[in-house]
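What follows is a short report on a single structure.
Every number in this text was worked out from the coordinates using simple rules, so none of it is lab data. What you see is a predicted model, and the numbers here were worked out from it, not measured in a lab. Glycine also receives a Cβ, built like all others from the backbone with ideal geometry; neighbour counts cover every protein chain displayed.
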Amino acid sequence: MTETSSNRLTLLFRGWGWAVILRGLITVAFGVLAFAWPSLTFSPHPGGPIPRLVFLFGLYAILHGILSIAAAMGGRPGSSLLATEGIVGIFTGIMTFQTRSASAKALVFFVWLWAIATGILRIIEAIRMRKYIRGDVWLMLSGVAAVFLGWMLLLRRQIGVLSLAFMIAVFALLWGIFEVILGWENRVGRHHRPMVNGD
């Protein structure tokens with residue numbers, strides 16, 4: 001790899017690291033709010049606004065998707081997978097907002113869809129990007145955690161609203177912490193892993 005190519009990759013991953021940190025902080029905030037709002041999950045009026053937890057997840061999925069697409073810009077290695085993750089997040093968020101169901105079952109479906117798709121993409125991304133980034137284990141762990149959440153939701157499709165909020169909050173805090181650590185290890189001043197010719 002030439003020095004010019006190496007410097008270009010370093011600059012690309014600097015911006016990516018900060019985007020991942022911001023994505024992680026938003027995920028932590030989502031987890032904290034999910035913990036804090038269990039008694040406020042549903043609107044007191046059956047025909048009123050969509051459930052607050054549904055709204056919260058939909059907003060989070062869209063913001064997370066936008067940041068994923070922003071992090072994918074620049075044509076760095078693995079950008080296509082990250083962009084796909086962003087598209088999945090935005091699509092899931094929009095679909096969540098459009099639902100008129102106030103049941104936990106509807107939210108379970110949307111969270112399951114997002115978690116499985118995002119988890120698989122992150123696992124693949126961690127494998128493909130291990131030569132380029134530091135802390136790829138954190139990316140892998142976030143993917144495994146997302147798939148595990150999807151699997152848990154599949155087994156507990158009749159889960160109650162409060163239990164669902166607690167489960168989502170726990171996993172969101174884990175994802176957020178993993179992402180902040182990952183982004184911090186690739187922040188400004190850190191460089192991608194050295195590569196040998198032919199990579």
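Taking the highest mean first, how do the peptides 109-116, 92-99 order by number of other beta carbon atoms within 10 angstrom per residue?
Going from most to least packed, we get 109-116, 92-99.
Hey, can you grab everything whose amide H is under 5 Å from the amide H of ILE133? Only 5+ residues off in sequence or another chain; H modelled, so Pro and N-termini drop out.
Distant-sequence amide H within range of ILE133: ARG193.
Once you place label points 7 Å from the Cα toward the Cβ at GLN158 and ILE94, how far apart are they in nm?
3.5 nm
Students often check this: by mean Cβ neighbours within 10 Å, which of 144-151, 173-180 ranks highest, and how do the rest follow?
On the way: 144-151: 18.8, 173-180: 21.5.
Answer by packing, highest mean first, reads 173-180, 144-151.
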